[in-house]
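Report on the following structure.
The values are calculated or read from the model by the stated rules, or taken from the named source; none is laboratory data. What you are looking at is a predicted structure, and each value in this text was computed from that prediction instead of being measured. For neighbour counting, all protein chains shown are included, and Cβ atoms are generated from backbone atoms with ideal geometry for every residue, glycine included. Please note that ligands, DNA and RNA were not included when accessible areas were found on the heavy atoms of the full protein model with its side chains. Shrake-Rupley method; radii C 1.70, N 1.55, O 1.52, S 1.80 Å.
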Amino acid sequence: MTHQESMATPANRVSANHLFLTVTFITVASCGADNLGGYIPYFATRTSPELVIVLVTFTVMVAVFCLLATIITHLPAVRALLDRYGALLAGVIYLGLGILILGENGTALHLWHLIHH
């Protein structure tokens, strides 16, 4: 039995389905409010032709980025890096992104003033 055959057990398929559902739930739950707050005003101000262009562009670009991510993560060097440091890398990226967002919108400065006054 090859490695791939041993990986294709019913338990692994259930586990993969569970992982997909878990990631989907976390993505929707954690990103929902800020996305709604940002996108509803944007979409509400678009004309119908503009909305079609935006939605088609968004759909195409999501497909392109997913395809690129799949290709990149199947490169042996990238796969080895992600297997070894993926969790740490994701944490660093999310932490950095959060700090960047807090800094750019003035939240960090506002909190600093609240703490020191």
Among the candidates L51, L95, single out the residue that is surrounded by 10 or more Cβ atoms within 10 Å (Cβ to Cβ) and in contact with a Phe, Trp or Tyr (Cβ under 8 Å, 6 or more places away or on another chain).
L51
Set L19, L111: member being open to solvent by 90 Å² or more (accessible area, probe 1.4 Å) and either at pLDDT 90 or above or assigned to a helix (DSSP H, G or I) (or both):
L19
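Matching residues to (1) within 28 Å of V23 (Cα to Cα); (2) among the hydroxyl-bearing types (S, T, Y); (3) open to solvent by 100 Å² or more (accessible area, probe 1.4 Å); (4) modelled with pLDDT of 90 or more:
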| residue | (1), (2), (3), (4) |
| --- | --- |
| R46 | no, no, no, no |
| F65 | yes, no, yes, yes |
| I72 | yes, no, no, yes |
| L81 | yes, no, no, yes |
| I99 | yes, no, yes, no |
| L102 | yes, no, no, no |
| H116 | no, no, yes, no |
